[in-house]
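Visitor: Okay, here's the structure, questions in a sec.
The values are calculated or read from the model by the stated rules, or taken from the named source; none is laboratory data. Predicted, not measured: the structure shown is a model, and the values here were computed from it. Cβ placement follows ideal geometry from the backbone for every residue including glycine, while neighbour counts extend to all protein chains displayed.
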Amino acid sequence: MTSNQPVVSVDAVALRHTDDRVGVVLVERQYAPFRHRRALPGVMMLSGESARDAALRGLREKCGLTAESVRWQTAGRYNDERNRDPRGATISLTQIVVLHPAANGRDSTWTIPLDELPKLPFAHNQIIADAVADVRARFWEDTRIIPAFLGDTFSTLDVAGLAEQLELEANPANLARRLGSMYADTGRTQPAGRGRPARVWAGTPAIPEYPGAGDE
């Protein structure tokens, strides 16, 4: 990176819901700059490569996560903050990913709760904040998001907890009605402590189909 012409990097903001918390996947950088610092699994985009495929490559090469771990993926914003990379001018394209809760990466991969993030290099804190804001904005509109985080079946109580982790308002009095307009009622319930049992809903995430994924 010696030219003044910006290069394009792709940063995967990979979110997971585990132990009733939402976290983001970080890796330990192996090379300068910021060697041994935690950061998003970013890669430089290759010639002819899409941002989606570059993000999957970063998750595979840096985290040991396969495409089958991805439950939902969409394009996020770009970041061209000046001097974000000491090696030269870069533009970051964000890919927002929701991983299967049971997805496991290498030992050098961590899922850090959103409210415990350290200061990260390459403007990654801002990139994560923007990605989470985009998920919040789509949460009640895109019916694929909740099943991506929680699985194919989930209770009203589960959704309330997920919404709280994402700092979204979820009025308990209206939540079941809202979910009823988005998902199928299974007819089952889940105990909810001292309160009324929580309804269980069914939904399907948009698990992406990746050409050639079965060939690896």
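Visitor: Would you say A102 is in a loop (DSSP other than H, G, I, E, B), assigned by TED's automatic domain parsing to the domain that holds V27 and farther than 24 Å from F34 by Cα? Reasoning before the result, please.
Guide: Details: in a loop (DSSP other than H, G, I, E, B): yes; assigned by TED's automatic domain parsing to the domain that holds V27: yes; farther than 24 Å from F34 by Cα: yes.
Yes: the conditions hold for A102.
Visitor: Only one of these conditions is not met by A123: (1) out of contact with any helix residue (DSSP H, G or I) (no Cβ under 6 Å at 6 or more places or on another chain); (2) surrounded by 12 or more Cβ atoms within 10 Å (Cβ to Cβ); (3) in the same structural domain as F34 (by TED's automatic domain parsing); (4) under 20 Å from H17 (Cβ atoms). Which number is it?
Guide: Only one criterion in (1) out of contact with any helix residue (DSSP H, G or I) (no Cβ under 6 Å at 6 or more places or on another chain); (2) surrounded by 12 or more Cβ atoms within 10 Å (Cβ to Cβ); (3) in the same structural domain as F34 (by TED's automatic domain parsing); (4) under 20 Å from H17 (Cβ atoms) is unmet by A123, namely (4).
Visitor: Cβ contacts < 9 Å: first residue in the same structural domain as A198 (by TED's automatic domain parsing) and part of a strand (DSSP E or B), restricted to region 166-187; second residue among the hydroxyl-bearing types (S, T, Y) and surrounded by 14 or more Cβ atoms within 10 Å (Cβ to Cβ), any location; separation 6+ or different chain. Result?
Guide: Note: pairs meeting the criteria are T186/T153.
Visitor: Among R87, R106, R38, which is over 26 Å from L162 (Cβ atoms), in contact (Cβ under 8 Å) with a residue 24 or more places away in the chain and touching a Pro at 6+ places or on another chain (Cβ under 7 Å)?
Guide: R87 is the lone residue from the list that is over 26 Å from L162 (Cβ atoms), in contact (Cβ under 8 Å) with a residue 24 or more places away in the chain and touching a Pro at 6+ places or on another chain (Cβ under 7 Å).
Visitor: It is to be established whether one or more residues within region 140-154 are outside any helix (DSSP H, G or I), in contact (Cβ under 8 Å) with a residue 12 or more places away in the chain, under 21 Å from the mean Cα position of the chain (by Cα) and closer than 23 Å to L26 by Cβ. I'd like the intermediate steps shown before the answer.
Guide: Taking region 140-154 and keeping what is outside any helix (DSSP H, G or I), we get 140-144, 151-154.
With in contact (Cβ under 8 Å) with a residue 12 or more places away in the chain added as a condition, the list becomes 140, 143-144, 151-154.
So of that shortlist, the ones also under 21 Å from the mean Cα position of the chain (by Cα) come out as 140, 143-144, 151-154.
From the residues that got through so far, the ones that are closer than 23 Å to L26 by Cβ too are none.
Scanning region 140-154 turns up no residue that is outside any helix (DSSP H, G or I), in contact (Cβ under 8 Å) with a residue 12 or more places away in the chain, under 21 Å from the mean Cα position of the chain (by Cα) and closer than 23 Å to L26 by Cβ.
Visitor: Here's a follow-up. Picking from L93, L157, L59, which residue would you name as being assigned to a strand (DSSP E or B) and touching a residue at least 12 places away in the same chain (Cβ under 8 Å)? Steps first, answer last, please.
Guide: Numbers: L157 fails: assigned to a strand (DSSP E or B); L59 fails: assigned to a strand (DSSP E or B).
After ruling out the rest, the residue left standing is L93.
Visitor: Any chance you could count how many residues in region 1-53 are over 28 Å from P113 (Cβ atoms) and in a strand (DSSP E or B)?
Guide: Matching residues across region 1-53 total 3.
Visitor: Quick one: A75 ticks every box in (1) more than 20 Å from A102 (Cα to Cα); (2) part of a loop (DSSP other than H, G, I, E, B); (3) aliphatic (A, V, I, L, M) except a single one, so which number is it?
Guide: (2)
Visitor: Taking the options D53, D80, name whichever one is at pLDDT 95 or above, closer than 19 Å to A131 by Cα, of a type in the set (D, E) and out of contact with any Gly (no Cβ under 7 Å at 6 or more places or on another chain).
Guide: So the residue among D53, D80 that is at pLDDT 95 or above, closer than 19 Å to A131 by Cα, of a type in the set (D, E) and out of contact with any Gly (no Cβ under 7 Å at 6 or more places or on another chain) is D53.
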